[in-house]
Amino acid sequence: MIPLNFEYFKPSTIQMAVEQFQHLQKQGKQPIYYSGGTEIITWARTHAIHPDAVIDLKSIPECNVMDFRNGSLIIGSCVTLSALSAANLFPLLSQTALGIADQTARNKITLGGNICGKIHYREVVLPLLLADSRVLVAGAHGIREASIHQVFSQQIRLEKGEFLVQILTDQSNLSLPFVHYKKRQIGSIGYPVVTLAAMKKDHQVYTAYSGVCSFPFRSIPMDELLNDSSMALETRIELAIGKLPAPLLTNVEGSAPYRRFVLKQTIADTLHSLEGR
């Protein structure tokens, strides 16, 4: 149960959702968009957020699509992680989704909800960063298409009143060689010490990380060093870790020194697996 009063809306079109948001704003209210809602409910229960209104996107057809069109896989923002993993249209994305929470939670957590969340991990964005996916975003000025790299830098960066509609990924990137590692301190469910997703394309290995810093990321400087075969593997890994975009995270899952140890081994495992493929 959420211990606050709010208005609830469930529009059936993109235009209705945008117009409802604008209308509520003009009334001086603080609306939020809602897709899966697991994180919103958690934050509301702890009084970390106090929305006046919730706009549920799950009845909008474009937000529920999962299909191929014009050489791209299109996935709506309200598609659940369970549906993603069951369909397995993008194997790296499916495997990443399977590593998040448990089955009950994955039945509720959506692609868009995970990407737009506030927690450190947001692991489902890693394959999208590696595949240079594109996004459709709706707002007061219509629908725009942009690279995932333009709208996601440490966190989702949308204009006020915008929401994520779809993710588009070129079909040629869906079947590339890949690995996915999720290292936890204990057990098979929970937040990671290190999550590493990687793809190999045109004889180069590309990596993306969650749990390492306080945000998920892909680092071109790190990949350049990791692919420099003129250096020994251990040297490449040490230099790459020196290019992390932020300090190593310390929290209940693990200290920074422990994360560094796990990260080094996970990168080594990744390169051993992909360099020969």
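Take Glu145 and decide whether it is in contact with a strand residue (DSSP E or B) (Cβ under 6 Å, 6 or more places away or on another chain), open to solvent by 70 Å² or more (accessible area, probe 1.4 Å) and either closer than 21 Å to Ile55 by Cα or free of Cβ contacts under 8 Å to residues at least 40 places away in the same chain (or both). Here the answer is yes, as Glu145 does meet what is asked.
Mind checking which residues of the range 241-277 are within 15 Å of Val194 (Cα to Cα) and among the small types (Gly, Ala, Ser)? Selection gives Ala246, Gly254, Ser255, Ala256, Ala268.
Looking at the range 40-63, can you tell me whether even one residue there is closer than 30 Å to Ala198 by Cβ, among the β-branched types (Val, Ile, Thr) and either at pLDDT 95 or above or buried (at least 17 other Cβ atoms within 10 Å of the Cβ) (or both)? No: zero hits. Residues of the range 125-138 that are open to solvent by less than 10 Å² (accessible area, probe 1.4 Å) and assigned to a strand (DSSP E or B): Val135, Val137, Ala138. When you scan the range 107-121, do you find a residue that is farther than 22 Å from Ser12 by Cα, open to solvent by 10 Å² or more (accessible area, probe 1.4 Å) and more than 17 Å from the chain's Cα centre (by Cα), even just one? The answer is no; no qualifying residue exists. Of all residues in the range 181-192, those that are aromatic (Phe, Trp, Tyr) have Cβ atoms under 9 Å from Cβ atoms of residues that are part of a strand (DSSP E or B), 6 or more apart or on another chain, in Tyr181/Val194; Tyr181/Thr195; Tyr181/Leu196; Tyr181/Ala197; Tyr181/Ala198; Tyr191/Asn251.
For Tyr191, the test of being outside any loop (DSSP other than H, G, I, E, B), within 20 Å of the chain's Cα centre (by Cα) and of a type in the set (Phe, Trp, Tyr) is failed. Exactly one residue among His149, His120 is at pLDDT below 95 and either touching a Phe, Trp or Tyr at 6+ places or on another chain (Cβ under 7 Å) or in a helix (DSSP H, G or I) (or both), and that residue is His120. Step by step: first the residues of the range 54-73, then only those that are among the charged types (D, E, K, R) and in a strand (DSSP E or B), then the one that is nearest to Leu84 (Cα to Cα). Which residue is that? Selected residue: Asp67. Applying the condition of being in contact with a helix residue (DSSP H, G or I) (Cβ under 6 Å, 6 or more places away or on another chain) and open to solvent by 20 Å² or more (accessible area, probe 1.4 Å) to the range 237-248 and asking which residue is farthest from Val151 (Cα to Cα) yields Leu239. So Met231 clears everything in (1) open to solvent by 60 Å² or more (accessible area, probe 1.4 Å); (2) free of Cβ contacts under 8 Å to residues at least 24 places away in the same chain; (3) over 21 Å from Arg122 (Cβ atoms) except one condition, right? Which one? If we test Met231 against (1) open to solvent by 60 Å² or more (accessible area, probe 1.4 Å); (2) free of Cβ contacts under 8 Å to residues at least 24 places away in the same chain; (3) over 21 Å from Arg122 (Cβ atoms), just (1) comes out false.
State all residues of the range 74-96 that are farther than 20 Å from Ile14 by Cα and open to solvent by less than 10 Å² (accessible area, probe 1.4 Å); if no residue qualifies, say none. If the condition is that a residue be farther than 20 Å from Ile14 by Cα and open to solvent by less than 10 Å² (accessible area, probe 1.4 Å), then Leu81, Leu84, Phe90, Leu92, Leu93, Ser94, Thr96 are the ones that fit.
Please indicate, with yes or no, whether at least one residue in the range 201-220 is farther than 22 Å from His149 by Cβ, among the hydroxyl-bearing types (Ser, Thr, Tyr) and not in a helix (DSSP H, G or I). No, because not a single residue in the range 201-220 is farther than 22 Å from His149 by Cβ, among the hydroxyl-bearing types (Ser, Thr, Tyr) and not in a helix (DSSP H, G or I). Among the residues of the range 251-277, those identified as surrounded by fewer than 13 Cβ atoms within 10 Å (Cβ to Cβ) and assigned to a loop (DSSP other than H, G, I, E, B) are Val252, Gly276, Arg277.
The values are calculated or read from the model by the stated rules, or taken from the named source; none is laboratory data. These numbers were taken from a predicted model, which means no experiment stands behind them. Cβ coordinates were reconstructed from backbone atoms using ideal geometry, including for glycine residues, and neighbour counts include every protein chain displayed. What goes into the accessible areas is simple: the full protein's heavy atoms, side chains included, and nothing from ligands, DNA or RNA. Shrake-Rupley method; radii C 1.70, N 1.55, O 1.52, S 1.80 Å.
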